[in-house]
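Structure record follows, encoded as structure tokens.
Values in this text are rule-based calculations from the coordinates and carry no lab data. Since this is a predicted model, take the numbers as computed values, not measurements. Using ideal geometry, Cβ is built from the backbone for each residue, glycine included, and neighbour counts are taken over all protein chains shown.
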Amino acid sequence: MRIGIISLGCPKNQVSAEMMIASLLDAGHEIVDTTEGADAVIINTCGFIDDAVREAIENVLDMVELKNEGVIRKIIVTGCMVEKFRKEIFKEIPEVDAVVGLGALGNIVSIVDEVFERDSVYYCPPSCEMPLDGQRSLTTPEYWAYLRIADGCSNRCSYCLIPSIRGDYRSRKLENIIDEAKQLAETGVKELVLIAQDTTYYGKDLYGEYRLPELLNSLCEIDGIEWIRLLYCYPDKMTDELIDVIAAQEKVLHYIDLPVQHGDDKILKAMNRHGNSDDIRALVNKLRERIPDIVIRTTVMVGFPGEGEEEFENLAVLINELEFDRLGCFEFSPQENTPAATMEGAVDDETKSRRAEIIMNDQFAIMQEKNLSRVGSVCRVLTESYDGYSDSYTGRSYADAPEIDGVIYFTSEKDLEPGDFVDVLIEEVRDYDLLGRAVS
Ligand code: SF4
């Protein structure tokens, strides 16, 4: 069969899609990247917040149009939106042929067969049955890859649906992760981007203790892997042992993604986040003392119920005081069946947008200053692409995570290939990006 696959949402979902692609290819199917003329299209949805659900439904309806035009034959909906709406999807969009929960992703090959034998196919076993180990067919460039070390979440942030969608935290066995990383290195992967809903919780469920430091040390022994990047760290689990490993291991990049969510203690409490604003300050200061060139990305949320001007001010003060290197800002959107959805003190949409704009404007100024301070410095860059029109390359330094941060545009006298490392002299700042030239 010719199978099209559309994967939405976070990198964890992307890894699930890569596992589905590998099993379908193994079974002899052909993966077509256009949906034109596909026998079946899999839409691997996200259901995290309303915007994500809207995007998922738009993609499904686009496929319905193609199906009605006879361009494609079957529509298979998988991913987190399925966990949220289950059989309702058939009622709302009767053209859908299969609704497949996370727990059934391991059976995608037989489900594809079944969808051509029966009118509608529905499988929604517990999401904790979703396979975490298995072959993948990378959708990222061959020189970097996500490495999912766990799935699900045992934290209980009051605004978040993920624990109810993806279940409690499930660490993969350490040896399975190492084996996968070795295979990735053998295929040419140089940068591993570690992901989970909370990477810092790794091992606690399976081994009764945090094992991320040990995992990082083991990953550093793998030949061919040059960069190891940590995403989705939870502040209260940034142990001294973990910080020591980041500081000591050359391959572990001095970059962490550390969502703090807010800067006001009352709001952090209502969010059911662990720790308060002073804990966040202490951690950021400790990280910068221990690792002076550490790059910290964070995520915050505005408009949480009960966030008045004073509480918002506390968030803005924290952002301007700590000056994170990278920052994403979400507007609170109440998710049914979460505690926050029924909390009092709702903030109107206009106020949410105004506050998000203030935070992002402040952050832009902070980033400009930090980027300007890099002009004249030389940094090691992973080459990603070449643009013949401008005769320049694009790449990322240790400070730039793929798909979320800015990039570096640079010229080079020497021809370079994607995946090549090169030293680049930073000469200019352009918005979130940097410009430079390769130097020997
Ligand atoms: S840490 Fe909190 S926000 Fe993140 S996935 Fe878990 S419950 Fe959701």
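In the chain, a dipole from Cβ-located charges (positive for Lys and Arg, negative for Asp and Glu) runs towards its positive end, and of Ser353, Ile228, Met367 it is Ile228 whose Cα lies farthest in that direction. Taking label points 7 Å from Cα along the Cα-to-Cβ direction, Arg380 and Gln368 give a separation of 3.2 nm.
If R0 is taken as 30 Å, the Cβ-Cβ distance between Glu427 and Thr139 corresponds to a FRET efficiency of 0.35. Under a 5 Å amide H cut-off, with hydrogens placed 1.01 Å from N, Gly79 pairs with Thr45, Leu102 among residues at least 5 apart or on other chains. Note on the chain: the alpha carbon radius of gyration divided by the globular reference 2.2 N^0.38 Å gives 1.01. Lacking any other cysteine beta-carbon closer than 4.7 Å, the following Cys residues of the chain have no compatible partner: Cys10, Cys46, Cys80, Cys124, Cys128, Cys153, Cys220, Cys233, Cys329, Cys379.
Just add up the charged neighbours of Val32: K/R +1, D/E -1, any other residue whose Cβ is under 10 Å from the Cβ of Val32. Around Val32, the surrounding residues sum to -3.
Summary of packing: across the peptides 383-390, 188-195, 94-101, the per-residue average of other C-beta atoms within 10 Å ranks them, highest first, as 188-195, 94-101, 383-390. Near Val429, once Lys and Arg are set to +1 and Asp and Glu to -1 for all other residues with Cβ below 15 Å from its Cβ, the sum equals -3.
Projecting the Cα positions of Ile149, Leu287, Phe312 onto the charge dipole of region 144-370 (unit charges on Cβ atoms of Lys, Arg, Asp and Glu, taken about the Cα centre) puts Ile149 furthest along the positive direction. Hull volume per residue, based on the alpha-carbon atoms of region 97-145 and their convex hull, is 95 Å³. Rg and Dmax over the alpha-carbon atoms of region 293-374 stand at 14.2, 46 Å. In a simple Cβ point-charge model (Lys, Arg +1; Asp, Glu -1; nothing else charged), the chain has a dipole of about 880 debye relative to its Cα centre. From most to least packed by mean Cβ count within 10 Å, the peptides 367-373, 405-411 give 405-411, 367-373.
How about Lys67: which lysines have a C-alpha closer than 19 Å to its C-alpha, ignoring those fewer than 8 places off in the same chain? Once the sequence-local lysines are set aside, what remains near Lys67 is Lys91.
Which residue, chosen from Met20, Val32, Asn59, occupies the Cα position most advanced towards the positive end of the dipole of region 14-72, where the dipole is computed from +1 (Lys, Arg) and -1 (Asp, Glu) charges on Cβ about the Cα centre? Going by the Cα projections, it comes out as Met20. The residues packed around Thr338, meaning those with a beta-carbon under 15 Å from its beta-carbon, carry a net charge of 0 if Lys and Arg are +1 and Asp and Glu are -1.
For the chain, the relative contact order works out to 9 percent when only alpha carbon pairs closer than 8 Å and six or more residues apart are counted. Ordering 357-364, 149-156, 344-351, 167-174 by mean Cβ neighbour count within 10 Å, with the highest value first, yields 149-156, 167-174, 357-364, 344-351.
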